[in-house]
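Colleague: One structure, pasted below without further comment.
The values are calculated or read from the model by the stated rules, or taken from the named source; none is laboratory data. Since the model is a prediction, treat every value here as computed from it, not as a measurement. Methodologically, a virtual Cβ is constructed for each residue, glycine included, from the backbone with ideal geometry; neighbour enumeration extends over all protein chains shown.
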Amino acid sequence: MNINWSKLGFHYTETDYIVRSAFHGKWEDGRLAGEWEKPYATKDKNISLHVSATCLQYGQEAFEGLKAFRGADGKIRLFRWEENARRMQRSAEGLKMAAPPTELFGEAVRLALKKNIRFLPPYGTGATLYFRPLLIGTTPRLGVGPGTDFEFIVIPSPIGPYYEGKFHCTSFVLNRKVDRSAPLGTGQFKVGGNYAASFRATEAAHLAGFDCMFTDSKTHKYIDECSAANFIGIKRVESRRSKVEGGESRVESQKSKVEGRRSKVESIEYLTPRSSAILPSITNDSLMTLAREKGMKVTRRHIRTEELADMQEAAACGTACVISPIDKVIDPDKGITYHLTDEPGPILTDLYNTLQDIQYGRVEDRHGWCEVVES
Ligand code: PLP
Ligand code: COI
């Protein structure tokens, strides 16, 4: 095996084993009753599926994404996998599927890690072992409705550092032409259909040299998500001492860019959208906790696109990139370009480093976010 870990990128690299577990059930009093088989490892990466399986016919499919890190101390850490298990359970509920119980989810991920340990990238390369847990409906069905049989599969792949070289910014274009999900649809679930529905917009943005920033599908006034990541905006609320008549000084508060040497930052606000259609990101949840601990005000609310003008920093966040800072956002409908920063800003850089320090075991894991796994 000859892998250049730091050159991997976010692409699939085949490992030795995947892990599988099947469920066979039946509906009883509105509840899907049945049993999951014990997860087992197999070298065969192909599955035999009936052509009428509900995942193929009616989109009964959900997935997850989480990482294992080789720490600075040589230990292996799985980051917040229970949250991924719980989110898969909510996705399953959203599409009327059976969900792997949390214990079984953890057992399958740990087995996938142990059986593919030679694919866990060494510390210092920036690469990690990514797990893609997948849940599909396997019941053959032509009548429209949910199936009773499911397969849970954990697919590992080493992935490279998101940032080849330096932590850097990307540019976004606001989209009001394509909705990735309806306001009360499946956007809050991690299901394949949301991604297929977003491709028209994301591919058009990529062709133009940008990433795609979705607006809310009801009014298109508010920021929803950044491609396949949550949005974070940082606002600095300043207080400034200035001379007034009579020689006394007073404190002026204003929300604006830092001006002049006499400005003093009073508070920092971490803003993230409240929306019924976005995926609750585990990375965003972790960053919000860290931001509060650093004394920031964390606000989750509707964010008008025009508010980008008042932000000093912004980023996309998710498992793959952790934080991906944004330098500018184009609004093609209004002919506006919002310039944020040329380089990643200090607040998001600090949050990025703090979270990575926890994931790589460089600081104490005070929240119990990492499970140390014996190899
Ligand atoms: N939003 C979407 C649509 C995603 O696909 C992801 C990635 O999983 C995220 C947000 C970020 O979520 P997480 O931080 O749990 O990876
Ligand atoms: C992430 O893990 O951050 C993602 O964006 C998920 C995507 C690769 C589906």
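Colleague: Among the residues of the range 337-375, write down those that are hydrophobic (A, V, I, L, M, F, W, C), in a helix (DSSP H, G or I) and within 30 Å of Leu174 (Cβ to Cβ).
Modeller: Correct list: Ile347, Leu348, Leu351, Leu355.
Colleague: Let me ask something else about it. State whether the residues of the range 25-36 include one that is at positive phi and within 16 Å of ligand 2 (Cβ to nearest atom).
Modeller: Among the residues of the range 25-36, not one is at positive phi and within 16 Å of ligand 2 (Cβ to nearest atom), which makes the answer no.
Colleague: Among the candidates Ala291, Ala309, which residue alone is touching a residue at least 12 places away in the same chain (Cβ under 8 Å), part of a helix (DSSP H, G or I) and more than 22 Å from Phe79 (Cα to Cα)?
Modeller: Just one listed residue meets the conditions, Ala309.
Colleague: If you don't mind, there's one more thing I want to ask. Test Gly192 against the criterion of being in the same structural domain as Leu348 (by TED's automatic domain parsing), within 16 Å of ligand 1 (Cβ to nearest atom) and touching a strand residue (DSSP E or B) at 6+ places or on another chain (Cβ under 9 Å), and give yes or no.
Modeller: yes
Colleague: Can I ask one more? Report, by residue number, each residue of the range 17-59 that is basic (Lys, Arg) and either part of a strand (DSSP E or B) or in contact with a Lys or Arg (Cβ under 8 Å, 6 or more places away or on another chain) (or both).
Modeller: Correct list: Arg20, Lys26, Arg31.
Colleague: Residues being of a type outside the set (Val, Ile, Thr) and within 19 Å of Arg90 (Cβ to Cβ): count how many of those fall in the range 35-57.
Modeller: Qualifying residue count, the range 35-57: 2.
Colleague: From the list Val322, Val298, pick out the single residue that is more than 16 Å from ligand 2 (Cβ to nearest atom), among the aliphatic types (A, V, I, L, M) and not assigned by TED's automatic domain parsing to the domain that holds Gly71.
Modeller: Answer to the check: Val298.
Colleague: Further, regarding this structure: Kindly check whether there is at least one residue in the range 70-84 that is among the hydrophobic types (A, V, I, L, M, F, W, C), in contact with a Lys or Arg (Cβ under 7 Å, 6 or more places away or on another chain) and either in a strand (DSSP E or B) or modelled with pLDDT under 95 (or both).
Modeller: yes
Colleague: Additional query: Pick out the one residue from Asp333, Asp285, Asp310 that is under 25 Å from Glu238 (Cβ atoms) and of a type in the set (Asp, Glu).
Modeller: It is Asp310.
Colleague: Name the residues in the range 220-238 that are of a type outside the set (S, T, N, Q) and either within 13 Å of ligand 2 (Cβ to nearest atom) or touching a Cys at 6+ places or on another chain (Cβ under 7 Å) (or both), would you?
Modeller: Glu225, Cys226, Ala228, Ala229, Phe231, Ile232
Colleague: Please state which one of Ala68, Ala72, Ala108 is of a type outside the set (D, E, K, R), away from ligand 2 (no atom under 16 Å from the Cβ) and surrounded by 22 or more Cβ atoms within 10 Å (Cβ to Cβ).
Modeller: So the residue among Ala68, Ala72, Ala108 that is of a type outside the set (D, E, K, R), away from ligand 2 (no atom under 16 Å from the Cβ) and surrounded by 22 or more Cβ atoms within 10 Å (Cβ to Cβ) is Ala108.
Colleague: Within the range 142-149, is there a residue that is in contact with a Leu (Cβ under 9 Å, 6 or more places away or on another chain) and farther than 30 Å from Arg366 by Cβ?
Modeller: Within the range 142-149, one or more residues are in contact with a Leu (Cβ under 9 Å, 6 or more places away or on another chain) and farther than 30 Å from Arg366 by Cβ.
Colleague: Additional query: Is there any pair with a first residue in the range 214-236 that is within 16 Å of ligand 1 (Cβ to nearest atom) and a second that is of a type in the set (Phe, Trp, Tyr) whose Cβ atoms are under 6 Å apart and which are 6 or more apart or on different chains, and what are they?
Modeller: Correct list of pairs: Asp216/Tyr222; Ile223/Phe231; Asp224/Phe214; Glu225/Phe214.
Colleague: How many residues does the range 325-360 contain that are within 16 Å of ligand 1 (Cβ to nearest atom), among the polar types (S, T, N, Q) and more than 16 Å from Tyr270 (Cβ to Cβ)?
Modeller: Residues flagged as within 16 Å of ligand 1 (Cβ to nearest atom), among the polar types (S, T, N, Q) and more than 16 Å from Tyr270 (Cβ to Cβ) within the range 325-360 amount to 2.
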